[in-house]
Amino acid sequence: MARPDAERAELLAWVKDTLRAEYGERPLSPRRDPLHELISTILSQRTNWRDEDAAYQELRGLGDWDAIIAAPTEAVAHAIRRSNYPESKAPRIQETLRLIRDAPGGYNLDFLQELPIKDALKWLTDLPGVGVKTASLVLLFNYARPVFPVDTHVHRITTRLGAIPKMGEQAAHRALLKVLPPDPPFLYEIHVNLLRHGQQVCSWTAPRCGVCVLRERCDAFRVHDGKVPSWKA
């Protein structure tokens, strides 16, 4: 359904309030240090959170960041084998760490707090394996910058609801940020609660529409008469 921006904004505000009532308020507070967040988010691509965490812990078992850079790439790939596509991620992680180490701030990413958002996003997305979702997540979670990470759960739910038209994840970042308030606590809470809702209710296949607190305003629920099909990106 085509909706004007004001209606999309109102729908997303309703979603945020409805998910807060379901899952609780989620105050914006960094869950881990910025470099941990960055590397873990690279590992999380196409990987569930348990395997992401296991891969990160084994990676850090190789030593400090310098040791990981110096390790044979095959050893890094083995350490992160619980993450999908470890052979691709391992050299990207090593090169990303190398570029960060050799930058003026070294392993300290706090300069991202002061950079203009456009420049901060560019600096991060110029790193191997870092897309706009990963960059946005680090900037929002660690530095409370007004950006909005769109992962597969956020993309799927906002599309099914009709908050955005069907589009790719890259375009969805821009479309959603256009109608969301530039308020980091708001952006953080709706992101993490959409993630939880996608994991528990509005799943990729066989969504649990019967218990979904968003169904009364969901385009897909209405169009498919309560039988929402599996998601096709």
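Assorted remarks:
- Test result for residue 81, touching a Leu at 6+ places or on another chain (Cβ under 6 Å), basic (Lys, Arg) and either buried (at least 20 other Cβ atoms within 10 Å of the Cβ) or not in a helix (DSSP H, G or I) (or both): no
To keep it simple, each residue is scored yes or no on (1) at pLDDT 95 or above; (2) open to solvent by 20 Å² or more (accessible area, probe 1.4 Å); (3) not aromatic (Phe, Trp, Tyr).
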residue: 181; (1), (2), (3): yes, yes, yes
residue: 185; (1), (2), (3): yes, yes, yes
residue: 191; (1), (2), (3): yes, no, yes
residue: 195; (1), (2), (3): yes, yes, yes
residue: 199; (1), (2), (3): no, yes, yes
residue: 205; (1), (2), (3): no, yes, yes
residue: 213; (1), (2), (3): yes, yes, yes
residue: 217; (1), (2), (3): yes, yes, yes
residue: 221; (1), (2), (3): yes, yes, no
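- Top-ranked residue of the stretch 61-76 - restricted to ones that are farther than 20 Å from residue 102 by Cα and small (Gly, Ala, Ser), ranked as most open to solvent (accessible area, probe 1.4 Å): 61
- Residue that is farthest from residue 140 (Cα to Cα) [pool: residues in the stretch 25-58 that are free of Cβ contacts under 8 Å to residues at least 24 places away in the same chain and either touching a strand residue (DSSP E or B) at 6+ places or on another chain (Cβ under 9 Å) or part of a loop (DSSP other than H, G, I, E, B) (or both)]: 48
- Scope the stretch 107-120; condition assigned to a helix (DSSP H, G or I), of a type outside the set (S, T, N, Q) and open to solvent by 40 Å² or more (accessible area, probe 1.4 Å); matching residues: 110, 111, 117, 118, 119
- Residue match in the stretch 148-169 (condition: open to solvent by less than 10 Å² (accessible area, probe 1.4 Å), of a type in the set (Phe, Trp, Tyr), under 18 Å from the mean Cα position of the chain (by Cα) and under 18 Å from residue 20 (Cα atoms)): yes
- In the stretch 215-233, the residues that are farther than 17 Å from residue 199 by Cβ form Cβ pairs under 7 Å with partners that are in a loop (DSSP other than H, G, I, E, B) and open to solvent by 30 Å² or more (accessible area, probe 1.4 Å), at six or more places apart or across chains, as follows: 219/1.
- Residue check for residue 104: modelled with pLDDT of 95 or more, farther than 15 Å from residue 42 by Cα and not in a helix (DSSP H, G or I): no
- Screening residue 133 on (1) part of a helix (DSSP H, G or I); (2) at pLDDT 95 or above shows it passes everything except condition (2).
- Of all residues in the stretch 1-60 being closer than 30 Å to residue 80 by Cα and of a type in the set (Lys, Arg), the one that is least open to solvent (accessible area, probe 1.4 Å): 32
- First in the stretch 175-198 and small (Gly, Ala, Ser), second anywhere and open to solvent by less than 10 Å² (accessible area, probe 1.4 Å) and not in a helix (DSSP H, G or I), Cβ under 7 Å, 6 or more apart: 175/164
The values are calculated or read from the model by the stated rules, or taken from the named source; none is laboratory data. As the structure is a prediction and not an experimental result, all values here were calculated from the model. Backbone-built Cβ (ideal geometry, glycine too); neighbour counts: all protein chains shown. These area figures cover heavy atoms from the full protein model, side chains too; ligands, DNA and RNA do not enter into them. Shrake-Rupley method; radii C 1.70, N 1.55, O 1.52, S 1.80 Å.
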